[in-house]
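Peer 1: Quick one: the structure is below, and I'll ask about it shortly.
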Amino acid sequence: MRSWRVGRRGSSFKSEHFFGTFAGDFGKDCRLRRPRDHRAAVDHNPDDERQVADERRSLLGLAAMALIVGAATGCVGAIFRLLLVRADGLRDEMIAWAHGHAIWGFLTVVGACAVATLVAAWMVRQFSPHASGSGIPHVEAVLREEIPPAPFGLVPVKFFGGILAIGSGLALGREGPTVQMGAGIAVFAARLCRLCWADARVLLAAGAGAGLATAFNAPIAGLVFVLEELVQRFEHRVAVAALAALATAIPVARLLLGDAPDFEVAPLSYPRAESAPLFLALGGVAGLLAVAYNRTLLATIAVRDRFGRLPIELRAGLIGASVGILAWFAPELVGGGDQITQRALIGHENAGILGFAFLIRFGLGALSYAAGTPGGLFAPLLVLGAQSGLLFGEACRVALPALSIQPEAFALVGMAALFTGVVRAPVTGIVLVAEMTGNVTMLLPMLGACFMAMLLPMLLGNAPIYDSLREHTLRLERQIRQR
């Protein structure tokens, strides 16, 4: 009988106990089955032939369910994105109004941001502790069978909590919530149809990939993310299910969002061979920044945990108030940051202001994640990557005028490089940036930059951020089990 493991030394508990508590159990007739390698020769044993036939029927059923899960994830993710855009607009309107009311306007902005963040943290604590933070480490832990899947109540908490947290101005991304919501929808469908765990795991990975693809309008990146980051190997059944989910998620999402890339980039010429060392150097800088970012994020979480006697809602409210103060003085620096990335990609930034904005966003990202509200890391990382790349490109243009450098090209490459340094998923980073910008001329420079961005953190012994955050997820699970 399968036992769910909670951490390396945590106590285990039976899966039937957990699944019987929330929304029904998974099917028991094939819960211990593992997919066969269909490339291997099949004997004429009737039992083996029946097993192969059963697996083929199972794969067909999984593909059909993945189509449904993908469509549902695309719809939920698209509505989530639309509401986030509306929340950003409301926040900007409130700040514009508040500037005409002096001290009362200031208190209104700070109070509104604090209350929204506080309510988001309260929803997480009260209804679904697993909805805290990005959610991707939780999905990875479930796929590794280290913890059980969360109940379906996570999805509405992630949805509304994410709108409140990101809409209040926290520097968090939309992709974490959509990935975890996609996984939650898949788990709910698997429980409803009483799939065995082997099939439910495949469907969960497919739903998570559909969530990422919907968040960034990047279907290929969604597939690569599943294989490179979530399961970390190529599995045929996972690939088939993920393709099916993406085949419905993206068309449904584009019906609501449109089919244009997330960012507009001016035409970029293919870089000259003489500039190749510059992109390698940019990758090295991104690798060092990634190490600093990972350590800063984990240190901020550790500081937050030291104040464990304070209610989590109070801690989140204080962080929200801090973000509200920043929003009063610099409203363009708060929130998910897509507009900041867009400005960097078109080069409309003063170098001095850009450097200051980079430092603010660097600290704001770690502080926002420590609030414990729903929200991801990808979008803030893309902001920092674009800003640091543009700064590096501007410096190279001044130092080497003969190379006719386009700083915007370095901003684009910097997005993929910093993502790779932090997450250690280079192919996902490269494909994601290419799809989000609709640009393929920088693929070769991105390869070189991502090579250096991945090499340096590994040489320095810095773990990928989701590995570190997964350890935090396992500790949280142990705390939940002890209640």
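The values are calculated or read from the model by the stated rules, or taken from the named source; none is laboratory data. On a predicted model such as this, the values are computed, not experimentally measured, just so you know. Cβ atoms come from the backbone with ideal geometry, glycine included; neighbour counts cover every protein chain shown. We work out accessible area using only protein heavy atoms, side chains counted, and drop any ligands, DNA or RNA first. Shrake-Rupley method; radii C 1.70, N 1.55, O 1.52, S 1.80 Å.
Peer 1: May I ask you to list pairs of residues, at least six apart or on different chains, whose Cβ atoms are under 6 Å apart, with the first in the stretch 139-156 being within 17 Å of Ile185 (Cβ to Cβ) and the second being assigned to a loop (DSSP other than H, G, I, E, B)?
Peer 2: Close Cβ pairs satisfying both conditions: Val142/Pro149; Pro151/Phe22; Phe152/Ala23; Gly153/Ser128; Leu154/Ser128.
Peer 1: Please state which one of Ala449, Ala371, Ala386, Ala417 is modelled with pLDDT under 95 and not aromatic (Phe, Trp, Tyr).
Peer 2: Ala371
Peer 1: OK, next. Considering each of Ala213, Ala253, Ala189 in turn, give the residue that is open to solvent by 10 Å² or more (accessible area, probe 1.4 Å) and not polar (S, T, N, Q).
Peer 2: Matching residue, one of Ala213, Ala253, Ala189: Ala189.
Peer 1: Just one of Gly287, Gly258 is surrounded by 18 or more Cβ atoms within 10 Å (Cβ to Cβ), out of contact with any Phe, Trp or Tyr (no Cβ under 6 Å at 6 or more places or on another chain) and within 30 Å of Cys450 (Cβ to Cβ); which is it?
Peer 2: Working: Gly258 fails: surrounded by 18 or more Cβ atoms within 10 Å (Cβ to Cβ).
Of Gly287, Gly258, the one residue that is surrounded by 18 or more Cβ atoms within 10 Å (Cβ to Cβ), out of contact with any Phe, Trp or Tyr (no Cβ under 6 Å at 6 or more places or on another chain) and within 30 Å of Cys450 (Cβ to Cβ) is Gly287.
Peer 1: Any idea which residue in the stretch 119-129 is nearest to Gly167 (Cα to Cα), counting only those that are of a type outside the set (Lys, Arg) and open to solvent by 10 Å² or more (accessible area, probe 1.4 Å)?
Peer 2: Val119
Peer 1: Another one. Residue pairs, Cβ under 7 Å, 6 or more apart or interchain, first in the stretch 277-292 and closer than 17 Å to Leu460 by Cα and in a helix (DSSP H, G or I), second of a type outside the set (A, V, I, L, M, F, W, C) and open to solvent by 10 Å² or more (accessible area, probe 1.4 Å). List them.
Peer 2: Cβ pairs passing all conditions: Gly283/Gly448; Val285/Ser388; Ala286/Ser388; Leu289/Ser388; Val291/Asn462.
Peer 1: I would also like to ask the following. How many residues, within the stretch 79-91, are touching a Gly at 6+ places or on another chain (Cβ under 9 Å) and open to solvent by 40 Å² or more (accessible area, probe 1.4 Å)?
Peer 2: Qualifying residue count for the region: 4.
Peer 1: Okay, next question. Do we find a residue being under 17 Å from the mean Cα position of the chain (by Cα), β-branched (Val, Ile, Thr) and open to solvent by 40 Å² or more (accessible area, probe 1.4 Å) anywhere in the stretch 219-239?
Peer 2: Yes, the stretch 219-239 contains at least one residue that is under 17 Å from the mean Cα position of the chain (by Cα), β-branched (Val, Ile, Thr) and open to solvent by 40 Å² or more (accessible area, probe 1.4 Å).
Peer 1: Out of Ala242, Ala302, I need the residue that is in a helix (DSSP H, G or I), within 28 Å of His472 (Cβ to Cβ) and at pLDDT below 95. Which one?
Peer 2: Selected residue: Ala302, the only one of Ala242, Ala302 that is in a helix (DSSP H, G or I), within 28 Å of His472 (Cβ to Cβ) and at pLDDT below 95.
Peer 1: Scan Ala370, Ala357, Ala351 and give me the residue that is out of contact with any Cys (no Cβ under 7 Å at 6 or more places or on another chain), more than 12 Å from Leu170 (Cα to Cα) and surrounded by 14 or more Cβ atoms within 10 Å (Cβ to Cβ).
Peer 2: Of the residues listed, the single one that is out of contact with any Cys (no Cβ under 7 Å at 6 or more places or on another chain), more than 12 Å from Leu170 (Cα to Cα) and surrounded by 14 or more Cβ atoms within 10 Å (Cβ to Cβ) is Ala357.
Peer 1: Please state which one of Leu359, Leu333, Leu390 is out of contact with any Lys or Arg (no Cβ under 7 Å at 6 or more places or on another chain) and without any contact (Cβ under 8 Å) to a residue 40 or more places away in the chain.
Peer 2: Unique residue meeting the criteria: Leu359.
Peer 1: Here is a further query. Identify, by number, the condition in (1) modelled with pLDDT of 95 or more; (2) open to solvent by 10 Å² or more (accessible area, probe 1.4 Å) that Val422 doesn't meet.
Peer 2: Status for Val422: all satisfied but (2).
Peer 1: Let me ask something else about it. On the basis of being within 25 Å of the chain's Cα centre (by Cα) and part of a loop (DSSP other than H, G, I, E, B), does Ala379 make the cut?
Peer 2: Working: within 25 Å of the chain's Cα centre (by Cα): yes; part of a loop (DSSP other than H, G, I, E, B): no.
Taking the combined requirement at face value, the residue does not satisfy it.
Peer 1: I would also like to ask the following. From the residues in the stretch 130-174 that are open to solvent by 10 Å² or more (accessible area, probe 1.4 Å) and basic (Lys, Arg), which one is modelled with the highest pLDDT?
Peer 2: Ranking the candidates gives Arg174 first.
Peer 1: Next question. Within the stretch 107-117, identify whether any single residue is closer than 19 Å to Gly320 by Cα, without any contact (Cβ under 8 Å) to a residue 40 or more places away in the chain and part of a helix (DSSP H, G or I), and answer yes or no.
Peer 2: In the first step, residues of the stretch 107-117 are kept if they are closer than 19 Å to Gly320 by Cα; the result is 107-117.
Subsequent filtering for residues that are without any contact (Cβ under 8 Å) to a residue 40 or more places away in the chain retains 107-108.
Those left that are additionally part of a helix (DSSP H, G or I): 107-108.
Yes: the stretch 107-117 contains one or more residues that are closer than 19 Å to Gly320 by Cα, without any contact (Cβ under 8 Å) to a residue 40 or more places away in the chain and part of a helix (DSSP H, G or I).
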